[in-house]
1. For the stretch 48-104, give me each residue that is more than 21 Å from Arg126 (Cβ to Cβ) and in contact with a strand residue (DSSP E or B) (Cβ under 8 Å, 6 or more places away or on another chain).
2. For Val307, only one of the following conditions fails: (1) among the β-branched types (Val, Ile, Thr); (2) closer than 25 Å to Met75 by Cβ; (3) touching a Gly at 6+ places or on another chain (Cβ under 7 Å). What is its number?
3. I need a count of the residues in the stretch 1-25 that are assigned to a helix (DSSP H, G or I), in contact with a strand residue (DSSP E or B) (Cβ under 9 Å, 6 or more places away or on another chain) and either among the aliphatic types (A, V, I, L, M) or modelled with pLDDT under 85 (or both).
4. Would you check if there is a residue in the stretch 153-176 being of a type in the set (Phe, Trp, Tyr) and more than 25 Å from Phe71 (Cβ to Cβ)?
5. Tally time: how many residues in the stretch 318-354 are crowded, with 24+ Cβ neighbours inside 10 Å, of a type in the set (A, V, I, L, M) and more than 16 Å from Glu142 (Cβ to Cβ)?
6. Please specify each residue of the stretch 117-139 satisfying the condition of being of a type in the set (S, T, N, Q) and either part of a loop (DSSP other than H, G, I, E, B) or under 13 Å from Ala96 (Cβ atoms) (or both).
7. Of the residues that make up the stretch 50-57, is at least one over 18 Å from the mean Cα position of the chain (by Cα), in a helix (DSSP H, G or I), in contact (Cβ under 8 Å) with a residue 24 or more places away in the chain and surrounded by 16 or more Cβ atoms within 10 Å (Cβ to Cβ)?
8. For residues that are polar (S, T, N, Q) and either free of Cβ contacts under 8 Å to residues at least 40 places away in the same chain or surrounded by fewer than 16 Cβ atoms within 10 Å (Cβ to Cβ) (or both), tally how many sit in the stretch 85-140.
Amino acid sequence: MAIQCAHCKSYACRAGRIDAAPESCPMQRGTFPGFEELYSSEERRRMAYEAARIEAEGYCRWTRIREVLEFARRMGYTRLGIAHCADTAKLAARAAEYLSGEGIDTRVPPRSECCDPREQADFLSRSATDLNLICGMSIAHEAIFIRESDAPVTTLVARDARLGHNPVAALYTSNSYYRSALFERDRGGEKKGLEGSGNELLERIALEVQEAAGNDWCRVVEAMEVARRLGATHIGVTFCVGFRNEADRLVRVLEANGFRVTSACCKTGAVPKEQLGIQDSEKVSPGQPEMICNPIAQAELLNREDVEITLLLGQCVGHDTATMANLDSPAACLVVKDRVMAHNTAAALERPDD
């Protein structure tokens, strides 16, 4: 039975009620690894713990760039790399300026390597970075960079030149302004099955998509086009429960374009935060039961379903890192969460003279 958290009506996992979950929920089947097994390593537990604390402390107060700073400090990361495309170089420079001003050693690949994600990953590897940020890359280049990065990765900006690097706007207007672009576009004929997912193929597809679209396609359309050119028919979506409405819209768009979709919500497993050592005062809403976000379980669910490419939708800093590190399929962040900037993370890095 297909896993489709995005269409779930109850979201019983969010309330800790696995018993009330629909029969299709994989957590009802009794064969999925438990939280202790998935988070058996100290690094995994620490990453999940710090990400949860940052979510609570900065909830609707901290921008994404501030959350990145806090995550780096709490994880003991002192040297950060910033990968980017040529047209987001200014944003990358602004991010580096902010982080450097807060005492973080930042490394930005030279402009000559902006269009080569493998060269950027190699540069940052030689720079011995502890954490790498993606500050605006195309879908295919991002998938390559995530795969090639030696350091853990989190996304700061999801590149969308069409929508001012705020790709969630396409989902919000999917029934109005962007309806024709998302639901009525030319789908390129029948899908023929996965041709591969190697770096060379992804690099060729990145060039083809750029030549075909320029800056006329929003990120959602770009993601579908990359999947189509890969020959992928099965897309995975991993999302924050706070993006459940957006996830439902995204899955409906993907399905309307002929893709099979498996989606996994962050609260899957319904594990109380106390199991990770989170105190009541460290919750988003103290005094209320709260479930821990479970990014490794999300990745495991998609791996078991053999998805061919994965799109991340609105995961917290650190949660996206854990998901990307544990996925078998190539992956890219479709939308970056920023509760302060209405998910337009680039806005916090821009200045009036831009």
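1. Listed by number, the residues that qualify are Arg64, Ile65, Val68, Phe71, Met75, Thr88, Leu91.
2. (2)
3. Qualifying residue count for the region: 2.
4. Looking for residues that are of a type in the set (Phe, Trp, Tyr) and more than 25 Å from Phe71 (Cβ to Cβ), one finds at least one in the stretch 153-176, hence yes.
5. Total meeting the criteria: 2.
6. Selection gives Ser127, Thr129, Asn132, Ser138.
7. yes
8. Number satisfying all stated conditions: 5.
The values are calculated or read from the model by the stated rules, or taken from the named source; none is laboratory data. Everything numeric here is computed off the predicted structure, so don't read it as measured data. Methodologically, a virtual Cβ is constructed for each residue, glycine included, from the backbone with ideal geometry; neighbour enumeration extends over all protein chains shown.
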